[in-house]
Structure formats: structure tokens, C-alpha cells
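Written below as C-alpha cells is the structure these notes are about.
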Amino acid sequence: MRRFALTFSAFLAVFSCHPRLCQATSALDFDTTLPQEILLAQRAIADSVTPPATTSPIAPSNVTATEELNQKLHKSVGKAFLLNLAVPGAGYLYAGQKRGFVNVGLEGVAWAAYLYYHDRGKSKEKEFQGYADGHWDYAKWDSIDNINNPDHQSAKALIDGFAVNNRQQYYEDIGKISTYWSGWSSQDDRNFYRGIRAHSNNFLKNAHTAVAGAFVNRIVSAVDVLRVMKNKSHAALGSDTNIRFKLRTKPFARDNAFGFVITRRLD
């Protein structure tokens with residue numbers, strides 16, 4: 001208890017000095033009446049003690065890389081569809097499907113077959129036309145049929161019109177319709193002519209079939225690529241978008257056609 005009293009008395013003796021006696025006499029001391037200088041000193045001390053702030057390096061962002069990856073993964077359904085319509089298999093290859101090579105091969109085979117059969121058909125066509133010109137005599141038919149057929153003038157007008165405006169029908173009628181058979185040099189010549197013409201027609205039908213096969217290859221691949229890309233989640237048409245296809249094909253005819261209508265519901 002006595003020690004505590006002495007310590008407390010010494011503490012009061014140190015801190016109870018007169019304000020004038022406790023004023024700093026060093027030249028480095030600041031005058032308490034100048035708060036501006038005190039603030040400057042505090043700032044200087046803070047600057048010398050506080051270490052300079054170092055900027056941490058910014059971690060590289062993966063946003064750009066992710067966007068580039070998404071762009072690579074994202075494929076357009078419309079583009080793949082149109083590519084398969086233009087060149088069957090190109091849409092598959094665009095979507096990353098190797099099955100596109102099969103469609104490209106089928107397309108090449110179809111057009112090669114078309115060129116082959118079309119060339120053979122046209123060659124036979126020239127052959128039977130030349131044969132008919134050399135073995136069917138218009139003057140002979142005119143003189144014989146004029147006597148035996150009361151409708152000779154109408155038949156003559158018809159065949160004259162075909163000879164000028166429709167050569168294909170002209171060559172078909174003189175070999176197929178009995179009215180014009182009297183113009184042939186012999187029945188065997190007519191039969192031989194018809195055989196050449198049948199070969200030409202078969203070759204041209206095969207050429208049309210090859211074109212129909214290429215046409216079907218385009219339609220099937222174009223429609224199927226929509227399913228493939230939707231399943232792979234590369235793109236989607238949306239629930240409010242519908243595609244309706246119109247297909248008219250006849251393998252042995254020339255009036256093949258295809259069309260499609262895209263409708264989108266507007267809210």
C-alpha cells in the first residue's frame with residue numbers, strides 16, 4: 001500500500017508540471033498554436049511509415065476464351081440446312097458430322113449416273129432420228145394414205161405441225177401410230193426404229209431417276225441435319241417457329257419440285 005502511494009505521488013509530480021515549464025524547447029518541436037503544421041507532420045509520418053500500396057495483378061479473365069469457345073461450338077441451323085440443300089453433306093460437315101462424306105459421295109454418284117445415261121440417251125436419240133429420216137418417206141406416206149384414209153388431210157396437218165414445232169412428237173407418231181406406218185420402207189425397219197427409240201427412252205428415264213435420287217438426297221439430308229443439330233444443342237429453331245415442307249417428286253418425270261415455308265408466331 002505504501003509502494004502504491006509513492007508511485008502515484010511520483011506520477012502526479014511528473015504530469016502536474018506547469019504548462020509553461022512543460023513546453024518543448026527543441027527546435028524540432030511544433031508550436032501547438034499551429035494546427036496546420038501538426039497535420040503536415042502527421043501526414044509526413046504516415047507516408048514514411050505506411051508501405052506503398054502495390055496493385056495486385058489482375059487475374060486473366062476467361063470471359064473472352066469462353067466466348068470464343070461458345071462461338072466454335074455454336075452452329076447455325078439455318079446455315080446447315082441451306083448448305084445441305086445446296087450440296088448434300090456440306091451441312092453435316094459444317095456441324096462436325098463425318099456422315100456428310102456419305103451424302104457427298106451419293107451426290108457425286110447420282111450426277112455421274114445422270115451424265116452417263118443422259119449422254120447415252122441423247123446419242124440413241126440422234127441415232128433413231130437419223131434412222132427415221134432415212135427409212136420413213138413422207139411423200140410415200142402422203143400418196144398411199146391419201147387413198148386409204150378419209151381423214152388424211154387432218155392427219156397430214158397434224159404431222160406437218162409436229163415436224164415444224166415438236167420434233168419429239170413427230171418422231172414418236174411416225175413409229176407408234178398406225179396411220180403413218182405406210183410411210184416406212186418395211187415393217188422390219190419400223191420395228192428396228194422402235195427398238196432404238198426404246199433404248200433412248202430407257203437411258204433418259206435412268207437419267208431422270210438419277211436426278212430424282214440426287215433430289216431426294218438433298219431433301220433427306222437437309223431435313224435430317226435439323227434433327228442432328230437440335231439433338232446436339234448447337235442451335236434451336238424455337239417452339240414458336242415451324243417449318244413445313246412441300247415435296248413433289250416423280251422419278252420418271254421432269255416436274256419434280258420442293259419447297260418449304262417457315263412460320264413464326266409473334267406475341
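The values are calculated or read from the model by the stated rules, or taken from the named source; none is laboratory data. From a predicted model like this one, the values you see are computed outputs, not experimental measurements. Note: ideal-geometry Cβ built from the backbone for every residue, glycine included; neighbour counts use all protein chains shown. Please note that ligands, DNA and RNA were not included when accessible areas were found on the heavy atoms of the full protein model with its side chains. Shrake-Rupley method; radii C 1.70, N 1.55, O 1.52, S 1.80 Å.
What the table below lists for this structure:
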| item | result |
| --- | --- |
| Failed item, numbered, when A155 is tested on (1) farther than 12 Å from R197 by Cα; (2) surrounded by fewer than 17 Cβ atoms within 10 Å (Cβ to Cβ) | (2) |
| Residue match in the stretch 135-142 (condition: modelled with pLDDT of 95 or more and either open to solvent by less than 40 Å² (accessible area, probe 1.4 Å) or under 54 Å from the mean Cα position of the chain (by Cα) (or both)) | yes |
| Subset of the stretch 80-107 [in contact with a Lys or Arg (Cβ under 6 Å, 6 or more places away or on another chain), part of a helix (DSSP H, G or I) and closer than 10 Å to V225 by Cα] | Y92 |
| Flag for N217 being touching a residue at least 12 places away in the same chain (Cβ under 8 Å) and either out of contact with any helix residue (DSSP H, G or I) (no Cβ under 8 Å at 6 or more places or on another chain) or open to solvent by less than 40 Å² (accessible area, probe 1.4 Å) (or both) | yes |
| Of the criteria (1) closer than 30 Å to N103 by Cα; (2) modelled with pLDDT of 90 or more, which one D224 fails | (2) |
| Matching residues, the stretch 90-111, being open to solvent by less than 70 Å² (accessible area, probe 1.4 Å), closer than 23 Å to T209 by Cβ and free of Cβ contacts under 8 Å to residues at least 60 places away in the same chain | V104, G105, G108 |
| Any hit, the stretch 109-123, residues being under 15 Å from the mean Cα position of the chain (by Cα) and modelled with pLDDT of 85 or more | no |
